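Engineer: Questions regarding the structure given below will be posed in turn.
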Amino acid sequence: MAELRPVRGTHDLIGEDARRHRAVIETARAVAERYRYEDIATPIFEFAEVFTRPLGDTSDIVTKETYTFEDRGGEKLTLRPENTAAVCRALLSNGLLQNLPLRFFYAGPMFRYERPQKGRQRQFHQIGIELLGAPEPFGDVEVIACGARVLAELGIAADITLELNTLGDAESRTAYRDELVAYLRRFEADLSEDSRARLSRNPLRILDSKDEGDRELLQGAPVLEDSLNAASRAFFVEVRAGLDSLAIPYTINPRLVRGLDYYGHTAFEFATTALGAQGTVMGGGRYDGLVEMMGGPPTAGVGWAAGIERLAMLLAEPPAQERPVAVISVDESTSLEALVLAEELRAANVVVEHALRGKVGQRLKRAARARARYAVVIGPDELAAGQVQLRDLDRGEQEAVARVDLVRRLGA
């Protein structure tokens, strides 16, 4: 029989890994709620068009990375490689345009077929927020501030820097694209294979190339800032003023881009050197053209997404588990009473480790391994007297407590 193991690029979340993963989600959700972002959960697979229409049939994500298949009914489906397009589809499908602006928070698995590496898997998990229907620059500021606060409350902000850029409006990007292509055509033969393919369909993506030869050629390339019109410059000035007023530090990175046509104005990344070369832990920007590209009316949008695995790796230590109370029956004659007692304590918000088997000594050892604060021991004599033995496992002290008083003593 073949060995059963996880598929390459997937992993199980167990124990400490699961606690770290949960801590990231719960912290981010709690922060997002303070900004009035509501939960949204989209299906993990969509009609392929949800992603091919905005991403483009020739984009790297679609051609190389998506898990696309036909179901038994002949429908072409794609496991979601990202969630922004899915959220925008939900906006249109559910007739929510009349309720703008809307704020959404999500957490869940995404799927991309790429080489697994540290903190990046083929099934990976993201948290993210989307602010829809807010064209104002301070919408960008709010989104960035929410991301910065998530990182701060995870305790990892000190090791992370915010990089910021502007892509300008459509007019500015068109002017810049023409200049960039004219420059790169002079060196087309020296570009990497991927960058030569991008030169015609998506030249801004070349700015993000990891190929050393491409990066050297780009040293002399024109910068987008020189192509910005007055409206784009004013928008970016307001974004920066908002961040400055909130004391959120940032550095300007003129090579930071989003290569898809529906992105414009603000682009940003929170990055760290603690994870090696692939150091981005949260990235986002403004995508005012996406909803329109998907068949809806022009609708402003801005948001970010962050990899849960990468954030979890940066946590100093896994969140501490609440110490339980161990409930131990001396023998079978008191096992039913122990079961009832354990459930009463849980109803009073007490975490309970109920030892179901073994001798008393074995059950106490198990309680110690579980880092139990107290052990509640009940035997035939205690049962007859309406009492339990309450053992303080830190102090090594034990006392008889009336059964009716136990929940009050231990309950939260």
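Coordinate-derived values only; no laboratory data. Worth saying up front: this structure is predicted, and the values here are computed from it rather than measured. Glycine also receives a Cβ, built like all others from the backbone with ideal geometry; neighbour counts cover every protein chain displayed.
Engineer: Need the C-alpha centroid separation for segment 336-412 versus segment 244-308, integer Å.
Structural biologist: About 52 Å separates the Cα centre of segment 336-412 from the one of segment 244-308.
Engineer: Contact order normalised by length for segment 325-410, with contacts defined as Cα pairs under 8 Å and 6 or more residues apart; what percent is it?
Structural biologist: Values: 133 pairs, mean separation 25.8, N = 86.
Rounded, it is 30 percent for segment 325-410.
Engineer: For the modelled label position 7 Å from the Cα of residue 47 along Cα-to-Cβ, which residues of segment 290-323 have backbone nitrogen atoms closer than 14 Å?
Structural biologist: 294-296
Engineer: Also, I was wondering about something else. What are the residues whose amide H is under 5 Å from the amide H of residue 266, where those residues sit 5 or more places off or on another chain and H is modelled from the backbone?
Structural biologist: 167, 286
Engineer: Another question, if that's okay. Take the alpha-carbon positions of the chain, form their convex hull, and give its projected area averaged over all directions (one quarter of the hull surface) in nm².
Structural biologist: 27.7
Engineer: Taking neighbour counts of Cβ atoms within 10 Å as a proxy for exposure, in what order, fewest first, do 204, 97 appear?
Structural biologist: So the residues, fewest neighbours to most, are 97, 204.
Engineer: Could you tell me what % of all Cα pairs in segment 325-410 have separations over 15 Å?
Structural biologist: Here the long-distance tail beyond 15 Å is 52 percent of all Cα pairs in segment 325-410.
Engineer: Restricting to segment 325-410, what percent of DSSP beta bridges are antiparallel, rounded to 5? It would help to have the intermediate numbers written out before the result.
Structural biologist: Details: 10 of 18 bridges.
Roughly 55 percent of the DSSP beta bridges within segment 325-410 come out antiparallel.
Engineer: Kindly rank 130-140, 11-21, 225-235 from highest to lowest mean number of other beta carbons found within 10 Å of each residue.
Structural biologist: In decreasing order of mean packing, 130-140, 11-21, 225-235 become 130-140, 225-235, 11-21.
Engineer: So, how do all the Cα-to-Cα distances of segment 267-408 break down into 10 Å bins, in percent, from 0 on up?
Structural biologist: Binned Cα distances yield the sequence 10, 28, 15, 10, 14, 14, 8, 1.
Engineer: Using packing as a proxy for protection, rank 158-167, 382-391 so that the peptide with the highest average count of other Cβ atoms within 10 Å comes first.
Structural biologist: Values: 158-167: 19.5, 382-391: 16.8.
The most tightly packed comes first, giving 158-167, 382-391.
Engineer: Then there's this: Can you pull the one-decimal nm distance between simple spin-label points at residue 336 and residue 221, each 7 Å off the Cα toward Cβ?
Structural biologist: 7.6
Engineer: Could you order the peptides 192-198, 36-42 from most to least packed, using the average number of other C-beta atoms within 10 Å per residue?
Structural biologist: My ranking of the peptides, most packed first, is 192-198, 36-42.
Engineer: Moving on to the next point. As a check on your grasp of the helix formula, calculate [θ] at 222 nm for the chain: sum -39500 (n - 2.57) over DSSP H runs of n ≥ 4, divide by the residue count, round to the nearest 500. Write out the running numbers ahead of the final one.
Structural biologist: On the way: 14 runs with 145 residues, N = 412.
That calculation yields -10500 deg cm²/dmol at 222 nm.
Engineer: Sticking with this one: To the nearest 0.05, how large is the calculated FRET efficiency for residue 357 and residue 38 if R₀ is 60 Å and r is the Cβ-Cβ distance?
Structural biologist: It comes to 0.85.
Engineer: Each residue of segment 308-319 in order: what ³J(HN,Hα) in whole Hz does its phi give by Karplus 6.51 cos²θ - 1.76 cosθ + 1.60, θ = phi - 60°, with x for Gly and Pro?
Structural biologist: Listing the rounded values in order: 5, 4, 5, 4, 5, 5, 7, 4, 4, 7, x, x Hz.
Engineer: Most fluctuating residue of 253, 99, 202 in a GNM of the chain with Cα springs under 10 Å: which is it?
Structural biologist: 99
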